[in-house]
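Structure record follows, encoded as structure tokens.
Bear in mind these aren't lab numbers, they're just calculated from the coordinates by the rules spelled out. Because the structure is predicted, anything quoted here is derived from the model rather than measured. All Cβ positions, even for glycine, are placed from backbone atoms using ideal geometry, and neighbour counts span all protein chains on display.
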Amino acid sequence: MNPWALITGASSGIGQELARILAQHRFNLVLVARNESRLQEVAREARADRGVQTRVIPADLARQGAAEEIFQGVKDLPIQVLVNNAGFGAYGEFAKMPLDLQTDLMQVNMVALVQLTHKCLPQMLDRRSGRILNVASVAAFLPGPTVNLYYASKAFVFSFSYALAEELQGTGITVSTLCPGTTRTEFFSRANIHMKRPWPMLEAREVAQAGFEGLMKGKRVIIPGFMNRLMAALVKCVPPRIPARVVRKVHEGDTSLPQA
Ligand SMILES: NC(=O)c1ccc[n+]([C@@H]2O[C@H](COP(=O)([O-])OP(=O)(O)OC[C@H]3O[C@@H](n4cnc5c(N)ncnc54)[C@H](OP(=O)(O)O)[C@@H]3O)[C@@H](O)[C@H]2O)c1
């Protein structure tokens with residue numbers, strides 16, 4: 001029997017590519033996001049091209065209780081791989097951003113990720129086998145003025161996942177954190193970030209492939225792309241006020257916001 005993988009944010013971008021790669025490696029798929037028709041399309045493709053089983057669970061992770069509903073929809077399945085990928089960003093000065101939007105961001109990027117991890121872990125611990133991939137960002141390593149809560153949420157994901165990996169050492173369960181740099185997906189348009197000058201981007205497929213390979217090796221931290229690894233290393237050598245200023249400058253130059 002094929003193992004099962006649950007992927008949040010499987011309707012586009014990195015999550016959709018991770019779903020395709022997992023299907024290619026004969027994982028049955030549980031696909032979660034809000035856009036049901038897109039999820040059905042990913043599921044149809046996986047069944048037709050790879051012969052795997054699929055289950056589609058439309059859910060808005062910003063809603064409290066969503067993680068519990070998703071878990072109820074999969075508790076009959078042995079989830080071997082959990083990919084917490086769903087997430088979004090929001091550009092704007094903290095004080096001027098609607099609090100509801102910022103609360104939704106924290107709910108999707110952090111709370112739902114923690115809740116789904118907590119719900120899937122007991123089953124994995126019983127089996128002494130499981131792999132978790134949490135999608136953070138290179139933003140996890142920097143303060144992010146004007147994209148503040150997004151950067152902060154990714155720092156949370158990184159710290160939470162790394163600590164959990166250590167706690168689970170020797171249990172048969174691995175926790176990997178994927179930290180992509182800028183990647184060509186719908187992320188920027190959804191976050192109201194409009195690049196004014198070209199910015200180097202990886203393709204979602206490359207990022208997902210690196211994520212899958214790191215996950216299967218049980219790597220704790222996966223940073224796709226040499227420049228992103230370099231940046232992550234350099235940023236540790238300087239006081240945080242320097243990257244904070246740089247990030248602010250970059251976003252001032254590269255973004256325009258239809259102000260909320
Ligand atoms: N693109 C980048 O440059 C980049 C860099 C670093 C990290 N990341 C991270 O990579 C992950 C995937 O992003 P992406 O770049 O692939 O962007 P994307 O194309 O916008 O995909 C985001 C995914 O998250 C889902 N999602 C968003 N809000 C949701 C909600 N309330 N409930 C359920 N699902 C929700 C979306 O599905 P629905 O809209 O159908 O719900 C979609 O499937 C995110 O965690 C992001 O922070 C991206």
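So here's what we get for this one:
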{"read-out": "Candidate lysines for bridging to K219, where Cα separation is under 19 Å - those fewer than 8 sequence places away on the same chain excluded", "value": "K154"}
{"read-out": "Net charge over other residues, Cβ less than 13 angstrom from the Cβ of L77 (K, R count +1; D, E count -1)", "value": "+3"}
{"read-out": "Degrees between helix 204-217 axis and first principal axis of the chain (Cα, 0 to 90, nearest 10)", "value": "60 degrees"}
{"read-out": "Links that overshoot a 30 Å alpha carbon limit, given the list K75/K217; K119/K236; K217/K249", "value": "K119/K236; K217/K249"}
{"read-out": "Part-to-part distance (alpha-carbon centres) for the stretch 194-254 and the stretch 10-59, which is given in Å", "value": "26 Å"}
{"read-out": "Built amide H within the under 5 Å cut-off of R55, gap 5+", "value": "L29, V30, L31"}
{"read-out": "The stretch 223-230 - phi-based ³J(HN,Hα) in whole Hz, Karplus 6.51/-1.76/1.60, Gly and Pro as x", "value": "10, x, x, 4, 4, 5, 5, 5"}
{"read-out": "Local net charge near T177, Cβ-Cβ under 10 Å (Lys/Arg +1, Asp/Glu -1)", "value": "+3"}
{"read-out": "Rough spin-label spacing in nm, given labels placed 7 Å along Cα→Cβ, for S189 and R229", "value": "3.2 nm"}
{"read-out": "Helix axis angle, 241-254 relative to the chain longest principal axis, alpha carbon, degrees", "value": "90 degrees"}
{"read-out": "Environment charge at M124 (Cβ cut-off 14 Å; Lys +1, Arg +1, Asp -1, Glu -1)", "value": "+3"}
{"read-out": "Top of V108, V238, V221 by mean-square fluctuation, Gaussian network on the chain, Cα under 10 Å", "value": "V238"}
{"read-out": "Phi-based couplings in Hz for the stretch 62-77 (Karplus 6.51, -1.76, 1.60; Gly and Pro marked x)", "value": "6, 7, 4, x, 5, 4, 5, 4, 4, 4, 4, x, 10, 5, 7, 10"}
{"read-out": "Sequence ranges 129-140, 59-70, ranked by mean other-Cβ count within 10 angstrom, highest first", "value": "129-140, 59-70"}
{"read-out": "Cα gyration tensor, the stretch 4-254 - rounded (a/c under 1.5), prolate or oblate", "value": "prolate"}
{"read-out": "Residue with peak Gaussian network fluctuation, the chain [Cα springs, cutoff 10 Å], from L142, L39, L101", "value": "L101"}
